[in-house]
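Read-outs: derived from the displayed coordinates by stated rules, not from any lab. Remember, predicted model here, so these are calculated numbers, not experimental data. Neighbour counts run over all protein chains shown; Cβ positions are idealised from the backbone, glycine included.
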Amino acid sequence: MTLLYSEVEEELRAAVRGLLADRCPPATVLKRVESEPYDLDLWKTLAGEIGVAGLLIPEELGGAGASGSEAAVVLEELGRGVAPVPFLTSAVLATRALLPARDALLGELAEGRRTAALAVSFAASPYRPERGASLSVDGAGRVSGSVTGVAGADVADVLLAPVDGDLYAVEGAVAEVVPSLDLTRPVATVTFDRVSARRVGACDLAGVLRFGAGLLASEQLGVAEWCLDTTLAYVKERHQFARPVGSFQAIKHRLADLWLDVVRARAAARSAAADPSAVAVAVAQSWNSGVAVHAAEEAVQLHGGIGMTWEHPVHLFLKRAKASEIALGTPGDHREALASLVDVPGPE
Amino acid sequence: MTLLYSEVEEELRAAVRGLLADRCPPATVLKRVESEPYDLDLWKTLAGEIGVAGLLIPEELGGAGASGSEAAVVLEELGRGVAPVPFLTSAVLATRALLPARDALLGELAEGRRTAALAVSFAASPYRPERGASLSVDGAGRVSGSVTGVAGADVADVLLAPVDGDLYAVEGAVAEVVPSLDLTRPVATVTFDRVSARRVGACDLAGVLRFGAGLLASEQLGVAEWCLDTTLAYVKERHQFARPVGSFQAIKHRLADLWLDVVRARAAARSAAADPSAVAVAVAQSWNSGVAVHAAEEAVQLHGGIGMTWEHPVHLFLKRAKASEIALGTPGDHREALASLVDVPGPE
Amino acid sequence: MNEAEIEERVAAFLGEHDPSGDRLEFLRARYDAGLAWVWFPEGHGGLGAPRELQQVVERALAHTPQINGGIQGIGLGMAAPTILTFGTEEQKRRFLRPLWTGEEIWCQLFSEPGAGSDLATLATRAVRDGDEWVIDGQKVWTSGAHHSRWAILVTRTDPDVPKHRGMTYFVCDMHAPGVEVRPLRQITGEAEFNEVFLTGVRLPDELRLGAVGDGWRVAQTTLMNERVAIGGAPTRRGGGMVASVLDAWREHPELRSHDLHQRLLSLWVEAEVTRLSGARLREQLAAGEPGPEGSGMKLSFAKLNQALTGFDVEFLRDLGYDDWTFRRSENVDFYGRGPGYRYLRAKGNSIEGGTSEILRNIISERVLGLPSEPRIDKDVPWKDLPR
Amino acid sequence: MNEAEIEERVAAFLGEHDPSGDRLEFLRARYDAGLAWVWFPEGHGGLGAPRELQQVVERALAHTPQINGGIQGIGLGMAAPTILTFGTEEQKRRFLRPLWTGEEIWCQLFSEPGAGSDLATLATRAVRDGDEWVIDGQKVWTSGAHHSRWAILVTRTDPDVPKHRGMTYFVCDMHAPGVEVRPLRQITGEAEFNEVFLTGVRLPDELRLGAVGDGWRVAQTTLMNERVAIGGAPTRRGGGMVASVLDAWREHPELRSHDLHQRLLSLWVEAEVTRLSGARLREQLAAGEPGPEGSGMKLSFAKLNQALTGFDVEFLRDLGYDDWTFRRSENVDFYGRGPGYRYLRAKGNSIEGGTSEILRNIISERVLGLPSEPRIDKDVPWKDLPR
């Protein structure tokens, strides 16, 4: 197991970063968030040309047969760009849920022709996978019920509903987007009204969410890195009292501490990507969630007034960071899991 | 109820501060800590001439009939001086335990002729008053057993042993001082080997410890104040890079934050002194313990190398602060108590 | 002038003026009777009385028509004391009465995109042209600009001297040609503030407040009146921002965890000691012995509000938001909005009215007496400053 | 020189010298065979080989008599590379061999009571007197001074030029008259370090290292070799300082509380991500791509050690202490001592070897590229600096 980036990963990173810089820098994301947050043209290019949609899908099923480490690098870049594409929801969570059954839908997902989403609340966790959901299947195999806070549902062609340990593919559900804290990854309430469904196979939902949580740590790393880099650039430029703001020692020390947090977030993200064990995932999530929020909060503060304006994209990162802190388990949920995983028992 | 200091309190403060500056500044305390930590001559002057020993004792029993607020001001000053005198142990804890019975011993304590100590572990709390103690009384009224971590026992003429809700006055116990983290208030293991005892009366031990804990917050305030003031003076004087260390912004901001913590510690201490209710005491203890430790740790760090040397007295304050964090309930103990006191219930 | 005399005046005034009649007429009469702000001089809405006697008037007139402290806030709190200190008799006569009655609303044109914490570096130019001044520049974070009749404005009149010396202070006519007000949208979605663009705005010299080049000193008077204790209102134990978190906490036992419980207890304690500090500060003020503690209250409240609102969103696991609509809002309404709004809006608490960084500088230098950092901008002509 | 050739040399050397014979003789022979530090030049204990080949030698000679990395640390890590870079041939020949074999122990005379973080302001004077230099001053935080034969010493030789330019570097004879070593007691009770008083100490000019006035540059070489990754040794998950806290935690269920449990879990996570960073850093070094992350490791470990040891004392509610005796100690033994000792000793982690404040300066400037603060001490003669 290595915590470094491979050459292949660096090439993948460069491709994704280049495309995002070209097509969808944060200022462009900001312009579209209120009308049509997802950039599906961009997604088509990312999925089809760079091939990110099929990264986790075996070659024989039409994918690239890559590992979580490659997907993690893509997520770092998508986090750096708060990129409005359904990679995490379709190419990680939904894909991972379909993999055990080697479902034919995987081929379509790999090509980017279709997009899927898991009908699970983004606020659910490996420890409480059912949070926000009330689904049932009747004798005729029709799914009923609703799930709140589903990410990626509004741009999904297929919804994957986990019910009682089985996974069902559904096309006729209604996803109603609600005003969301994270403008670049809005959540929807998904309603199934006796919708006919196809049973895909068994589903270890907690395992799927754990896998996703581990990779979310890489996205959070990307968010934190953008915030740190952008703030560094700003405080080097911005003058007050005839000095760059970044020459003031209190600011320098805060940024040094923040950098140190990000350095450790990188190690944690790499560890969870290479080894998506329960411990590594819980460590990465509990650390990186906090670092992303802290980095975004420091970015807003150190941008001063401009950081409070809608016109500067830093708020997109703050909102992404704060929503991601809740997504797939809060830091507290993951620390609680560690108590038994690493034998740090609580009071008796 | 006022959170300010009265004129009487300011006069009392001036008298105590003046005496300590004259007779027992921190450098002098340091010189004696390894041979004979307690300064009983100083105590005699404080107790008898300034009259601090009888502050909490009603006038008709030979005391000053003052309130906790006056005792709190004395403790602020004793904290500022890490003064090695048994005020907290004899004139607060032991005295408070004797008050309900209006015991005749109070008159002797008030005059400073004798000194008492409560045979209770300093690590006990209002919530676990029995911690560290195993005492029993036999049919003939003789006390047996031991108590660890007793403060002030080695300089006490009389030990007050609380057993099963009653208080016993004992003179033949053995107090063996152990090497203590707090050099200026060493703790002892007290052993009672079927020692004959006089029953004083009923004893609400938890109430006594709560009262003491509330006033300990004022001592912690004094410790924090000395650390802040001494560090401010040092960083104004000490030059590195041809500038006073205190002109570096990162240092300035840390000290501003520390000051703000101390300001709030003062309000909390005053509140608990004026109103020793369970809530006010728990608030003051949980806040001030942390502030005292933090102030002492910052003081050591900002003194640089000199702060790590035995010859500078700052370590006495670090040790006092750290031991006081444990004494009469840790910050966590007091917060836990608040959960039910102010209706912030835990998970069900 | 003592309490009894004030009460007498109020009684006499009420004998002559019917509070249930025309509101504006009543307020004008109150001003003319010297009962607007009793510590102002006679003839300008006051009686030259000690400031603390104002509460006698307020008590006695509590049932009568009131001015609007919200929308008139900048006029009353910042413009009025500045006009009183530096205005000519003519300026005081012209501006103070409609300012107090609320017939004319005021706003403040101080901050600029390039001059935030370092206000003295501001770049809005005022160039003299005969009896007029021509103003060009951009101001920002101006609340109420869109319904203001006047503004207090600081400008750069001499770029060739060090920054503190080349400024001049004006009253700006917000109806003058060249004044453009644009709402400034915040990260919460709404616009509490505006940007104000000044393009060739012509102001007669009579609108100058204080001497040419003396703008910094005039502005200090304004700012000293701004830094009133924020969060200084008395709250009960467990009140304020912690109350809305506690309400949610008590309502949702199913969302609690030990992690959150421990953090909430710590925040509760911090809120309580901060509240106690505020209470102690008010006692000091009442006793006429204001301590330096006031400087820290805003800093404490900003940190606490940010921690509490962040906690709230996490506790509720709330991925939604109530309303992103871009619209003007006149007031901050923390409690009427959702947790997401509170979280985002509270981020401004450590920026508006002096950043927490600047407040720490102020505390460390003015309260703790720590030496200032080496300054490189004091003696350099403004135009040569690095930017 | 490649791996095979090195192995050949070692084999040849072992053929000629019996590791079970006299220890010192064996070490001297190893030095003479160029197998002491293979990256040093031939004739001075090395073979002029790439540094990474040293591990080949170490592996092959692991079963033979070893030098003492602890007591010889300053000699090996700091004095030797400096002598190699700046020493004359004669100095290299005289000093390096007994330094490496451990026959002569070295210490470091850099820090002074008035020159800690700002080493370049040091005041120990060296005045030329014919072929000798006369040294007067006081050094501090010198470990091992009491059994050292030699010291590396930086002095002030020209007070009239700016501080970085007026320094000269010497090898100091610790047996010379006027050298007085006093143990320096720490807050833990013991004395790991010494104060060294230099009073009229006469050193021949041959003991000068580098040119007169070039002491700062020479000292930089020494210090670059000091700032090796502290805490860089691999540890297992849950190892290091967190392990001793975890042991106590598991042993004492009766002392646990939710408050402590939540804090311990947070510290455990911080320890784990810090450990992972260290592992990643070592991977980078092994791949020949050292990242800037190394600068942060000491800072992280200091903070973590302090938090963990403070937690430990509080958890154990331990009001006692194991031993306050004033005695010399050669090494820090965190694990053999009580929680109170660990708590106090860890306070030094953020001071020794560069304070955490200085490390944050270094990270922000050298890693993050933030501008330095205005400097006022660069061009002022040393004697005129404010102190």
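Values as computed for the structure displayed
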{"item": "Degrees between helix A:278-302 axis and first principal axis of chain A (Cα, 0 to 90, nearest 10)", "result": "40"}
{"item": "Helical segments meeting 15 Å axial Cα length and Kyte-Doolittle 0.0 threshold in chain D (DSSP H)", "result": "D:241-251, D:294-316"}
{"item": "Residues whose placed amide H lies under 5 Å from that of B:Ala197, excluding near-sequence neighbours", "result": "B:Val143"}
{"item": "Choice from C:Leu47, C:Leu267, C:Leu370 showing the highest fluctuation, given a GNM over chain C with Cα pairs closer than 10 Å", "result": "C:Leu370"}
{"item": "Average other protein chain Cβ within 10 Å of Cβ, residues A:329-341", "result": "4"}
{"item": "Long-range Cα-Cα pairs in chain A (distance over 26 Å), rounded percent", "result": "47"}
{"item": "Hydrodynamic radius by Kirkwood, which averages 1/r over all alpha carbon pairs of the range A:207-341, in angstrom", "result": "15.2"}
{"item": "Partner lysines for A:Lys236 [C-alpha distance under 18 Å; skip if fewer than 8 residues away on the same chain]", "result": "A:Lys252"}
{"item": "Between the range A:151-196 and the range C:231-272, the alpha-carbon center distance in angstrom", "result": "34"}
{"item": "Value of relative contact order over the range B:135-288, rounded to a whole percent, pairs C-alpha under 8 Å and six or more apart", "result": "20"}
{"item": "Peptide B:287-297 - average C-beta neighbours from other chains (10 Å radius)", "result": "2"}
{"item": "Cα-based radius of gyration of the protein assembly as shown once divided by 2.2 N^0.38 Å, which approximates compact folds", "result": "1.02"}
{"item": "Sorted by Cβ density within 10 Å, fewest first, the residues D:Val127, C:Val332", "result": "D:Val127, C:Val332"}
{"item": "The range B:235-328, relative contact order in percent, only Cα pairs under 8 angstrom and at least six apart counted", "result": "19"}
{"item": "Chain A: angle of helix A:68-80 to the longest principal axis, Cα-based, in degrees nearest 10", "result": "50"}
{"item": "Cβ charges +1 (Lys, Arg) and -1 (Asp, Glu), total dipole of the protein assembly as shown, debye", "result": "900"}
{"item": "Filtered trypsin sites (Lys or Arg not before Pro), the range C:272-355: DSSP coil and at most 16 other beta carbons within 10 Å", "result": "C:Arg327"}
{"item": "Shielding by partners - mean other protein chain Cβ count within 10 Å, residues of A:279-285", "result": "3"}
{"item": "Alpha-carbon centroid distance for the pair the range A:48-119 / the range D:328-374, whole angstrom", "result": "45"}
{"item": "Ordering of C:180-186, B:143-149 by packing [mean C-beta count within 10 Å, highest first]", "result": "B:143-149, C:180-186"}
{"item": "Gained length - B:Asp138 relative to B:Arg194, 0.36 nm times residue gap less alpha-carbon distance", "result": "19.4 nm"}
{"item": "Other-copy label distances relative to C:Ala4, 7 angstrom Cα-Cβ extension, nm", "result": "11.6"}
{"item": "Between the range D:1-77 and the range A:213-261, the alpha-carbon center distance in angstrom", "result": "46"}
{"item": "Net dipole in debye of the range D:1-123 [+1 Lys, Arg Cβ; -1 Asp, Glu Cβ; about Cα centre; nearest 20]", "result": "180"}
{"item": "Cleavage-rule hits (GluC sites (Glu not before Pro)) in the range C:23-101: DSSP loop, at most 16 neighbouring Cβ within 10 angstrom", "result": "C:Glu42"}
{"item": "Mean shadow area of the range C:1-66, taken as a quarter of the surface of its Cα convex hull (nm²)", "result": "3.8"}
{"item": "Neighbour-count ranking [beta-carbon atoms within 10 angstrom, fewest first] of B:Cys227, B:Cys24", "result": "B:Cys24, B:Cys227"}
{"item": "Percentage relative contact order, the range D:241-352, counting C-alpha pairs under 8 Å, at least six apart", "result": "30"}
{"item": "Nearest-first distances (nm) between copies at A:Lys31, label 7 Å from Cα via Cβ", "result": "7.8"}
{"item": "Farthest toward positive dipole pole in chain C [+1 Lys/Arg, -1 Asp/Glu at C-beta], among C:Ile105, C:Pro234, C:Pro381", "result": "C:Pro381"}
{"item": "Amide H partners (placed H, <5 Å) of A:His239, local residues excluded", "result": "A:Val245"}
{"item": "Computed [θ] at 222 nm, helices only, for chain C once each DSSP H run of length n ≥ 4 contributes -39500 (n - 2.57)", "result": "-11500 deg cm²/dmol"}
{"item": "Cα-based helix-to-principal-axis angle, A:249-274 vs chain A, degrees rounded to 10", "result": "30"}
{"item": "Ascending list, in nanometres, of distances separating the A:Thr191 label from those of the other copies (7 Å, Cα toward Cβ)", "result": "7.8"}
{"item": "Sparsely packed GluC sites (Glu not before Pro) within the range B:164-222, loop by DSSP, other Cβ within 10 Å at most 14", "result": "B:Glu171"}
